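Derivation of every value follows stated rules applied to the coordinates shown; laboratory data play no part. All values derive from a computational prediction rather than experimental measurement. Cβ atoms come from the backbone with ideal geometry, glycine included; neighbour counts cover every protein chain shown.
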Amino acid sequence: MKQEQQNCIFCKIIRGEVPSTKVYEDEKIIAFLDIRPITEGHTLVVPKAHTSGLLDTPGQTLAELVFAAQKIGQALVTSLGAEGFNLTCNNGKASGQVVFHLHFHLIPRRASDGLSSWPHREYALGEAEKMAEKIKSALQ
Ligand code: 5GP
Ligand code: ZN
């Protein structure tokens with residue numbers, strides 16, 4: 001086993017070496033409660049195969065992850081009465097990622113939970129088009 005998998009906290013949870021409050025498991029995916037929840041029921045959905053983030057993960061695994069997230073998101077709404085949820089995925093240290101094993105956060109939300117959304121900016125005239133050109137050039 002690679003050193004990064006040996007030391008990875010989520011791999012340890014998957015191997016059963018570290019306890020977790022599991023809510024879902026199948027052959028490819030595990031989901032457990034975040035140890036420091038943003039809201040009650042905050043769940044981490046994690047592929048069992050170790051990759052560090054979205055960019056180094058095979059498409060098939062991503063499909064399985066999204067499918068599980070949909071199923072668990074529905075369960076949060078049904079079982080906890082959540083009025084909605086955020087599905088987030090931090091990629092890279094600058095984004096706030098601290099565990100470098102790919103995971104989705106499912107954060108149950110209520111209109112009354114007092115959490116604000118991210119601040120929005122505005123583009124200056126012509127800036128959005130320039131930005132789009134830059135991004136498109138990397139997609140060809
Ligand atoms: P990131 O910022 O990397 O997207 O989020 C990592 C998340 O994993 C954090 O919300 C953190 O609370 C959670 N976490 C870190 N270590 C553990 C752990 O040992 N057990 C559980 N259940 N969650 C953890
Ligand atoms: Zn891992």
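What the table shows:
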read-out	value
Nearest 10 degrees, 0 to 90: helix 59-80 Cα axis against the chain principal axis	80
Relative contact order, percent, the chain [alpha-carbon distance under 8 Å, six or more residues apart]	23
Distant-in-sequence amide H partners of SER52 (H built 1.01 Å from N, under 5 Å)	LEU102
Residue with peak Gaussian network fluctuation, the chain [Cα springs, cutoff 10 Å], from THR78, THR51, THR61	THR78
Cleavage-rule hits (chymotrypsin sites (Phe, Trp or Tyr not before Pro)) in segment 43-119: DSSP loop, at most 15 neighbouring Cβ within 10 angstrom	none
Ratio of Rg to Rh over the chain (Cα coordinates, Kirkwood Rh, two decimals)	1.03
Mean residue ellipticity (222 nm) of the chain, computed from DSSP H runs ≥ 4 via -39,500 (n - 2.57), nearest 500	-10000 deg cm²/dmol
Within a Gaussian network of the chain (alpha carbon springs, distance under 10 Å), most fluctuating of LEU102, LEU62, LEU44	LEU62
Candidates SER52, SER112, SER20: whichever shows maximal mean-square fluctuation once the chain is modelled as a Gaussian network with Cα springs under 10 Å	SER112
Cα-based Lys pair tally, the chain, threshold under 16 Å, eight or more apart or on separate chains	9
The chain: angle of helix 127-137 to the longest principal axis, Cα-based, in degrees nearest 10	60
Charge dipole of the chain about the Cα centre (unit charges at C-beta), most positive-ward option of ALA128, LEU76, LEU102	LEU102
